[in-house]
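First up is the structure itself, then whatever we jot down about it.
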Amino acid sequence: MIGSTLARVSRPVVARQQRRGIVDWMTNYPDKVMETKKIQMKGGTCQGEYAPTWLKQEGDIVTLAFGAALLAWGTVSCSVGFYRLATGKGKKD
C-alpha cells in the first residue's frame, strides 16, 4: 500500500526532471562534424606540405596573421628590453 502510493507520487517528479529548459539548445544542437571533416579531408591525407590543416578553413589566414603579429611584437619588445638592460639605456633617473 505504501509502495504503490510512493510510486504514484514519484512518477510526476521523474517526468519533470527530464525536461531540459536551459540546456535544451545544447542537447538539440545540430551536428556539423562531418561537414567540417569533409573540408579537412579534401584532397587526401598527404597534403600537409602544400595545404596544412591549420590553413584550410575560412578565416585561418587572419588568425595566422594576428598570431604572427603578436609573436613579432613580443620578440621586438623583448629584444629592446634586453638591449636596454645590457647597455643601461632608457633608465628613469
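In this structure, does LYS38 turn out to be exposed (fewer than 10 other Cβ atoms within 10 Å of the Cβ) and modelled with pLDDT of 75 or more? If you could, list the steps in order and put the result at the bottom.
On the way: exposed (fewer than 10 other Cβ atoms within 10 Å of the Cβ): yes; modelled with pLDDT of 75 or more: yes.
Against the criterion (exposed (fewer than 10 other Cβ atoms within 10 Å of the Cβ) and modelled with pLDDT of 75 or more), LYS38 qualifies.
Can you list residue pairs whose Cβ atoms sit under 9 Å apart, with the first residue in segment 67-93 being over 30 Å from TRP54 (Cβ atoms) and the second being open to solvent by 100 Å² or more (accessible area, probe 1.4 Å) and in a helix (DSSP H, G or I)? Count only pairs 6 or more apart in sequence or on different chains.
LYS89/TYR83; GLY90/TYR83; GLY90/ARG84; LYS91/ARG84
Confirm whether PRO12 is within 19 Å of the chain's Cα centre (by Cα), modelled with pLDDT under 85 and open to solvent by less than 80 Å² (accessible area, probe 1.4 Å).
Considered against the rule, which asks whether it is within 19 Å of the chain's Cα centre (by Cα), modelled with pLDDT under 85 and open to solvent by less than 80 Å² (accessible area, probe 1.4 Å), PRO12 comes out as no.
Residue by residue through segment 48-66, note down the ones that are open to solvent by 100 Å² or more (accessible area, probe 1.4 Å), under 20 Å from THR36 (Cα atoms) and either in contact (Cβ under 8 Å) with a residue 12 or more places away in the chain or of a type in the set (Asp, Glu) (or both). Outline the logic, then answer.
To start, the set of residues in segment 48-66 that are open to solvent by 100 Å² or more (accessible area, probe 1.4 Å) comprises 49-50, 54, 58, 61-62, 66.
Restricting the remaining residues to those that are under 20 Å from THR36 (Cα atoms) gives 50, 54, 58, 61-62.
Answer for segment 48-66, where residues must be open to solvent by 100 Å² or more (accessible area, probe 1.4 Å), under 20 Å from THR36 (Cα atoms) and either in contact (Cβ under 8 Å) with a residue 12 or more places away in the chain or of a type in the set (Asp, Glu) (or both): just GLU58.
The values are calculated or read from the model by the stated rules, or taken from the named source; none is laboratory data. Only a predicted model underlies this, so the values are computations on that prediction, with no experimental measurement involved. Note that we place each Cβ from the backbone using ideal geometry, even for glycine, and neighbour counts take in every protein chain shown. Ligands, DNA and RNA are stripped out before the accessible areas are found, and what is left, the full protein with its side chains, is counted by its heavy atoms. Shrake-Rupley method; radii C 1.70, N 1.55, O 1.52, S 1.80 Å.
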